[in-house]
1. Any residue in segment A:335-350 that's more than 15 Å from residue A:303 (Cα to Cα): show its pairings with residues that are in a helix (DSSP H, G or I) at Cβ separation under 6 Å, as long as the two are six or more apart or on different chains.
2. In segment B:34-68, which residues are exposed (fewer than 12 other Cβ atoms within 10 Å of the Cβ) and more than 12 Å from chain A (Cβ to nearest Cβ)?
3. Residue A:373: touching a helix residue (DSSP H, G or I) at 6+ places or on another chain (Cβ under 8 Å) and closer than 17 Å to residue A:173 by Cα, yes or no?
4. May I ask you to say which residue of A:18, A:48 is more than 14 Å from every other protein chain (Cβ to nearest Cβ) and not in a helix (DSSP H, G or I)?
5. Among the numbered conditions (1) more than 21 Å from residue A:288 (Cβ to Cβ); (2) in a helix (DSSP H, G or I); (3) out of contact with any strand residue (DSSP E or B) (no Cβ under 9 Å at 6 or more places or on another chain), tell me where residue A:390 comes up short.
6. Criterion first (at negative phi, buried (at least 23 other Cβ atoms within 10 Å of the Cβ) and part of a loop (DSSP other than H, G, I, E, B)) does residue A:109 satisfy it?
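The values are calculated or read from the model by the stated rules, or taken from the named source; none is laboratory data. The structure displayed is predicted, hence computed values, not measured ones. All Cβ positions, even for glycine, are placed from backbone atoms using ideal geometry, and neighbour counts span all protein chains on display.
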């Protein structure tokens with residue numbers, strides 16, 4: 001029998017601590033859409049997405065109302081377009097992005113992911129066309145998200161692509177300069193990208209996935225912070241135990257939502273992504289959890305250890321609560337989307353170098369970081385290379401989503417709006433050049449730990 | 001389907017009567033009521049069965065919410081399963 005305390009605790013988590021299910025994401029394979037004529041291909045893509053996801057938003061809203069748990073996003077991810085569109089006789093995939101954008105509007109979702117290429121070991125012709133199309137695709141659409149995987153523990157790092165992505169990010173910023181370079185907020189460069197991640201901007205429907213799947217990303221930094229408020233001065237064993245218990249409860253709700261969504265949509269359940277995903281709202285911050293552990297400001301020495309404990313405890317607690325766990329699973333540290341991170345950058349306690357260290361133990365990488373508009377492409381490539389190396393060597397997903405905002409410099413700040421938040425320009429050590437290093441190109445060989453057989 | 005109705009707000013005469021009335025009018029059967037008052041604040045949880053009811057959950061939620069707002073009460077009606085999954089293994 002559930003008690004009145006249990007019921008009130010659940011509802012307090014929802015109303016006061018902003019517990020929510022962050023996203024229901026439907027993955028849709030586009031492998032059967034291939035056609036040499038790009039117009040026909042775009043029509044096939046549009047038809048398949050709108051047919052498959054017709055009831056996604058309605059179903060999400062129904063579940064939200066019945067259980068009283070907010071479900072913030074309903075989204076779609078598709079097969080990487082570099083693969084799906086490769087048969088098209090064309091030199092640009094921009095029309096495909098536009099078709100995805102129209103389909104996303106038609107079904108009422110707020111982002112669609114999968115304008116992507118997987119090039120960690122090398123390019124196919126479709127990969128090259130896709131990467132060249134990214135800046136224009138992101139400038140001429142609003143809901144399309146793009147990602148490129150250019151490194152992995154198994155394959156090493158494609159340094160030609162590292163060089164190219166620095167330039168692609170700069171071009172994307174330039175083409176969307178009238179909107180604070182928003183295009184770059186929809187572009188993620190990965191190492192070890194998972195094919196079942198439900199979170200944007202890096203979601204795509206992996207090539208080994210089923211025809212369609214429904215995956216759920218949970219959240220709840222506010223709930224974890226609240227639970228730790230009662231533990232002032234307690235030792236770390238107790239802190240870890242409390243986070244585990246809280247993550248368990250959060251994830252059980254995610255599992256319930258995933259099960260219901262899968263049943264109602266008639267689409268198999270994929271995975272639960274055990275994540276603490278912050279928003280700029282007060283009380284929904286990962287940085288504030290770290291500060292609750294005893295750090296005066298996020299970025300102070302001890303921050304990486306605190307994040308490591310948090311990340312690990314979230315996984316341990318969540319794992320038991322779900323039948324299939326996957327995606328990125330961990331604590332996100334997107335700077336502009338986290339009120340505590342924004343404050344820490346503004347007061348000077350959190351630097352990009354400290355964030356890089358934190359990415360060794362968080363779920364992904366350098367995320368939603370606004371940098372000066374005059375940062376060179378080679379410097380951005382250097383940042384990407386460092387992150388990709390951390391992912392490759394540590395067998396984890398890492399990513400870079402930086403926004404070089406044209407016309408902005410250190411001391412300015414930039415407003416992206418909504419859940420993308422705002423961010424003071426973060427200083428980068430760009431007075432020392434990475435150009436000759438990045439110009440080498442080629443491949444960084446796969447590390448010794450790739451040889452596991 | 002089992003329903004959990006939670007009512008939170010400032011205590012006053014007739015809260016239980018008002019909520020029970022709405023449920024009765026819609027053929028929703030109350031199985032259990034748990035109530036306490038903390039610092040003048042009224043907390044009530046009802047477990048109810050709406051298997052025989054003709055009304056849709058969304059409509060009932062709207063009805064309870066509107067009635068609650070009139071007298072400054074926060075009334076929620078939720079599917080019981082969310083509480084079960086969170087608190088029972």
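1. Partner pairs satisfying both residue conditions: A:338/A:286; A:338/A:287.
2. Passing the criteria: B:37, B:39, B:40, B:51, B:52, B:54, B:66.
3. Here the answer is yes, as residue A:373 does meet what is asked.
4. A:18
5. Status for residue A:390: all satisfied but (3).
6. So residue A:109 passes the test.
A quick yes/no check of all residues on (1) under 24 Å from residue A:205 (Cα atoms); (2) within 14 Å of chain B (Cβ to nearest Cβ); (3) in contact with a helix residue (DSSP H, G or I) (Cβ under 9 Å, 6 or more places away or on another chain):
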residue	(1), (2), (3)
A:27	yes, no, no
A:36	yes, no, no
A:63	yes, yes, yes
A:87	yes, no, yes
A:90	yes, no, yes
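Here's the yes/no breakdown for (1) exposed (fewer than 14 other Cβ atoms within 10 Å of the Cβ); (2) at pLDDT 95 or above:
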{"position": "A:3", "(1), (2)": "yes, no"}
{"position": "A:7", "(1), (2)": "no, no"}
{"position": "A:24", "(1), (2)": "no, yes"}
{"position": "A:42", "(1), (2)": "no, yes"}
{"position": "A:51", "(1), (2)": "yes, yes"}
{"position": "A:54", "(1), (2)": "no, yes"}
